[in-house]
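Report on the structure given below.
Where a number appears in this text, it was derived from the coordinates with a stated rule and is not lab data. Computed from a predicted model, the values in this text were never measured in an experiment. We place every Cβ from the backbone using ideal geometry, glycine too, and count neighbours over all the protein chains shown.
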Amino acid sequence: MVDQTRIAQLIESVTAPGALQSLADLVELCGLIEEDKGWRDPPQSFGDFIALSHSELSEALEEYRIGHSEAVSWNNANGKPEGIPSELADVLIRIFSRCQMKSIDIVDALQLKTRYNMTRPHRHGGKVL
Ligand SMILES: [Mg+2]
């Protein structure tokens, strides 16, 4: 059973004004690094962005398919982080970078959506997955 009191505490703490400033800073940083490293020349289309985000999820799936556990990370011989956590981080980095470039307030969207999701009924929509 999920601790409803804990959920209520977390909702209040993460949706309070300014609560996620460090996340907003991370979003900005991801975008600035992407720009600094030259990945915006030429500019990516929205379709490029979606496809590249999917590719990171596919990389995570491939790690899983070859037997790596979901929470296990390691560095390769060149010091590059590897594993499913790293690929999931890549997904977020791509999304955050896009949000920074397009002035999408993803922190606000996350707060709004989280609050909204709490108002939805159990397994809303009746779908299997
Ligand atoms: Mg990757």
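Only Cα pairs within less than 10 Å get springs; with that Gaussian network setup on the chain, which residue of GLY79, GLY38, GLY67 has the largest fluctuation? Comparing GLY79, GLY38, GLY67 in the GNM, the peak value goes to GLY79.
For the range 27-44, putting each phi into the Karplus relation 6.51 cos²θ - 1.76 cosθ + 1.60 with θ = phi - 60° gives couplings of 4, 4, 4, 4, x, 5, 5, 4, 5, 4, 8, x, 7, 10, 10, x, x, 7 Hz, in residue order, rounded to whole numbers and with x for Gly and Pro. Taking amide H as placed 1.01 Å from N in the peptide plane, the amide H of GLN44 sits under 5 Å from none that are at least 5 places away or on another chain. The 3J(HN,Hα) values that the Karplus relation (6.51, -1.76, 1.60; θ = phi - 60°) gives for the range 8-18 are, in residue order, 4, 4, 5, 4, 5, 6, 7, 9, 5, x, x Hz. Gly and Pro appear as x.
Using a 10 Å cut-off on Cβ atoms, rank the peptides 121-127, 70-76, 82-88, 10-16 from the highest mean neighbour count down. Can you show the working numbers first?
Numbers: 121-127: 6.6, 70-76: 10.7, 82-88: 18.3, 10-16: 12.6.
Per-residue Cβ counts within 10 Å, averaged per peptide and sorted highest first, yield 82-88, 10-16, 70-76, 121-127.
For a straight C-alpha distance cut-off of 30 angstrom, the lysines reachable from LYS127 (same-chain residues fewer than eight places away being disregarded) are LYS113.
The charge dipole of the chain, taken about its Cα centre with unit charges on the Cβ atoms of Lys, Arg (+1), Asp and Glu (-1) only, comes to about 640 debye. For LYS80, which aspartates and glutamates qualify as cross-link partners when the Cα separation must be under 13 Å and same-chain residues fewer than eight apart are set aside? Counting by Cα, and skipping residues close in sequence, LYS80 has these aspartates and glutamates nearby: ASP90.
Could you tell me which of GLN44, HIS54, LEU26 has its Cα farthest along the dipole of the range 9-83 towards the positive end, charges placed at Cβ (Lys, Arg +1; Asp, Glu -1), taken about the Cα centre? Positive-end residue among those listed: HIS54.
Spin-label pair ALA109-LEU29: with each label point 7 Å from Cα along the Cα-Cβ axis, the two points sit 2.1 nm from one another.
Applying Stokes-Einstein at 37 °C and 0.692 mPa s to the Kirkwood radius of the range 4-116, computed over alpha-carbon pairs, gives a translational diffusion coefficient of 206 µm² s⁻¹. Our estimate of slack between ASP41 and SER55, defined as 0.36 nm per intervening residue step minus the Cα-Cα distance, is 3.1 nm.
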